[in-house]
Amino acid sequence: MQDDCSRLVSALFFKQFLKRPFQIASIVPSSKALVERVAGKIDFSQPRVIAEYGPGEGVHSREIARRMCPDSNLLLFELDRAFARDLERQFSGDRRVRVIHDDAASLPHELKRHGIDSCDYILSGIPFSILKIEKKRALLQKTYDALAPGGSFIIYQVTNELKQHATHFERAESEYFLQNIPPMFITVFQKTPPLDHHERGPLPGANFSVSAHRSA
Ligand SMILES: C[S@@+](CC[C@H](N)C(=O)[O-])C[C@H]1O[C@@H](n2cnc3c(N)ncnc32)[C@H](O)[C@@H]1O
């Protein structure tokens, strides 16, 4: 049953890729290993507000929903109608999850609409590298503004080009993750609390470190 379900969602993924290759940007969903690695960067020990940009068929969303506390909120922003409908079906019984069939850029509006002040984590699988520079910068600014102090923006991307644009964030840590087709950079951008920021003084750009992850 689980296998049938996985095959069906992967078939949907491939079909949507053929329709909109630049928007979907991958022919297969993230691997189980990548999903676990990304989820491992989130502290689920207390209720969280988590937004996800580009959940696709929901491979990360299902793992996040499985791990998060009952009072958490998960907002899924998906541009593709077929994926959004399928996500609504998958999470219809879970009151913690909201599916928003819209651009990730609608995050501030959606937070306001749902009476949510800020996010603890924002996760992104959208193909940032193909966005026009103005759209990329505007989305990064909205993402930074929507995060609570101490919050993190976590991305998985084929290239690590976003680091040169994500100068809003005070800290960033990247790893090159090989257990996915194709291999991905996973980067955690952090918005430091104001006191920490004040003590360290303003930084001209993100402070980066990169490591390679090769084993399980
Ligand atoms: C590479 S797929 C990643 C899917 C899934 N997160 C995974 O890891 O398998 C990118 C997804 O982002 C969606 N997407 C692209 N641009 C978007 C945007 N601006 N706002 C919301 N979703 C977007 C696409 O429709 C697609 O489902």
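Conditions tested, residue by residue: (1) under 19 Å from VAL188 (Cα atoms); (2) small (Gly, Ala, Ser).
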position: GLU36; (1), (2): yes, no
position: SER45; (1), (2): yes, yes
position: ARG66; (1), (2): no, no
position: PHE83; (1), (2): no, no
position: LEU111; (1), (2): no, no
position: ILE126; (1), (2): yes, no
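Candidates are the residues of the range 31-56 that are among the aliphatic types (A, V, I, L, M) and free of Cβ contacts under 8 Å to residues at least 40 places away in the same chain; the one that is surrounded by the most Cβ atoms within 10 Å (Cβ to Cβ) is VAL35. Give the range 161-180 a look and list any residue that's within 16 Å of the ligand (Cβ to nearest atom), touching a Ser or Thr at 6+ places or on another chain (Cβ under 8 Å) and not hydrophobic (A, V, I, L, M, F, W, C), or say none. GLU161, GLN179, ASN180, listed by residue number.
Residues checked against (1) in contact with a strand residue (DSSP E or B) (Cβ under 9 Å, 6 or more places away or on another chain); (2) at positive phi; (3) in a loop (DSSP other than H, G, I, E, B):
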position	(1), (2), (3)
ALA11	no, no, no
LYS15	no, no, no
SER30	yes, no, yes
GLU36	no, no, no
PHE44	no, no, yes
ALA51	yes, no, no
GLU57	no, no, yes
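One residue is enough: does the range 87-100 have a residue meeting the conditions free of Cβ contacts under 8 Å to residues at least 12 places away in the same chain, more than 16 Å from the chain's Cα centre (by Cα), surrounded by 14 or more Cβ atoms within 10 Å (Cβ to Cβ) and away from the ligand (no atom under 11 Å from the Cβ)? The answer is yes; a qualifying residue exists.
No lab work stands behind these numbers, since they all come straight from the coordinates. All of these numbers come straight from a predicted model, not from anything done at the bench. Glycine also receives a Cβ, built like all others from the backbone with ideal geometry; neighbour counts cover every protein chain displayed.
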